[in-house]
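Engineer: This structure is in structure tokens; I'll ask about it shortly.
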Amino acid sequence: MAFLNPARPKAERAPAGWEQTRRRTYLAGLLPALVVLGVITLLPGLFLLGVSLTPLSLVNPGTVFDFSDPLGNYRELLRDARFHNSVLLQLHLSATSVGLQLAVGLGVALLLNVRARFFEAIRAAFLIPMVLPPIVVALIWKILYTPDVSPLHRLLEEAGLPVDSLITDPTLAIWAIAVAETWQWFPFTMLMVLATLQLIPDEPLEAARIDGANRGQVFRHIILAYLRPALVVCGLFRLIDSLKAFPLIYVLTNGGPGTATEVTNYYGFIEAFNFSYWGYASAIAVLMLGGVFAVSWLVGRLGWNEVHHD
């Protein structure tokens, strides 16, 4: 009885072919972007990895194809105490600056979470540090940290509280850079948190207040729960960007006093441009790149699990 099981009309089989056409069109549109991304990102990365396997230096440029000891630079890094110190300083700077940026950005966002024109104008003013070029920010803080020309040092002297330059103190120089980094980038966290605060529904807040929850309990159990994914994203982005604090270090301390602020990327810069050890500096850059991927995966995984757990 053919009429009980008729053949499916052609119109019903059309979506399968249409889906294949859609996928091909999607890939065709995406291919140019992937090619450009590969040219400007993948190829330089592969070249960097290749150079890190050679003893290349400008003194002997013919070693660019010398792969006789491909792991020599990496073995040397394992024995390099100066490199180990730079990694510890980088971790210190990243943890300090990112923690301060999250704390200050969260606090300012909570203070500015008011629907009023005056506070909207203040929000716009807080964005100024973030849009300034890094070199300009470094010059501003160079002036603030120089006692001879700093208005802050002048005020402290007038108040009878003279303070030496922070960037010349080996124990405080890394903190001075962290403060400058925080001043420039806490508006990023502030914007993300403010946007999230605007999306929090009023119902759970009102229900918690009716149940007798105080402000601290409301913030901890409701507001912070909504803000946690945004804070994870901010922490991830700022953690990656903290590895690129080169302009601040170059202008403020030049890696000093001594090696007190010689973080990993600055140490790689010295090896490449001061001593012309391009292979060794490339190995440092490769390890930094691997560290960035590892930290990004770890933070992203923790944030993903936490969001889904909530």
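Engineer: Could you please find all residues in the range 250-291 being in contact with a strand residue (DSSP E or B) (Cβ under 9 Å, 6 or more places away or on another chain) and open to solvent by 40 Å² or more (accessible area, probe 1.4 Å)?
Structural biologist: Phe275, Tyr277, Trp278
Engineer: Taking Thr196, is it surrounded by 15 or more Cβ atoms within 10 Å (Cβ to Cβ), in a helix (DSSP H, G or I) and under 15 Å from the mean Cα position of the chain (by Cα)? Spell out the reasoning first.
Structural biologist: Numbers: surrounded by 15 or more Cβ atoms within 10 Å (Cβ to Cβ): yes; in a helix (DSSP H, G or I): yes; under 15 Å from the mean Cα position of the chain (by Cα): no.
It is false that Thr196 is surrounded by 15 or more Cβ atoms within 10 Å (Cβ to Cβ), in a helix (DSSP H, G or I) and under 15 Å from the mean Cα position of the chain (by Cα).
The rows are residues; the columns are (1) open to solvent by 30 Å² or more (accessible area, probe 1.4 Å); (2) over 22 Å from Val251 (Cα atoms); (3) part of a loop (DSSP other than H, G, I, E, B); (4) touching a strand residue (DSSP E or B) at 6+ places or on another chain (Cβ under 7 Å).
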position: Gly160; (1), (2), (3), (4): yes, yes, yes, no
position: Asp164; (1), (2), (3), (4): yes, no, yes, no
position: Thr171; (1), (2), (3), (4): yes, no, yes, no
position: Ile174; (1), (2), (3), (4): no, no, no, no
position: Ala178; (1), (2), (3), (4): no, no, no, no
position: Ala208; (1), (2), (3), (4): no, yes, no, no
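Engineer: Moving to a separate point now. Working only within the range 217-231, note down all residues that are within 19 Å of the chain's Cα centre (by Cα) and either more than 20 Å from Leu191 (Cβ to Cβ) or charged (D, E, K, R) (or both).
Structural biologist: The answer is Arg228, and nothing else.
Engineer: Moving to a separate point now. Return the residues of the range 222-249 that are surrounded by fewer than 16 Cβ atoms within 10 Å (Cβ to Cβ) and modelled with pLDDT under 85; say none if nothing qualifies.
Structural biologist: Within the range 222-249, just Lys244 meets the criteria.
The values are calculated or read from the model by the stated rules, or taken from the named source; none is laboratory data. In this text the structure is predicted, and so the values were computed from the model without any measurement. As a convention, Cβ positions derive from the backbone with ideal geometry for all residues, glycine included, and neighbour counts pool all protein chains shown. Accessible surface areas use protein heavy atoms only, side chains included; no ligands, DNA or RNA. Shrake-Rupley method; radii C 1.70, N 1.55, O 1.52, S 1.80 Å.
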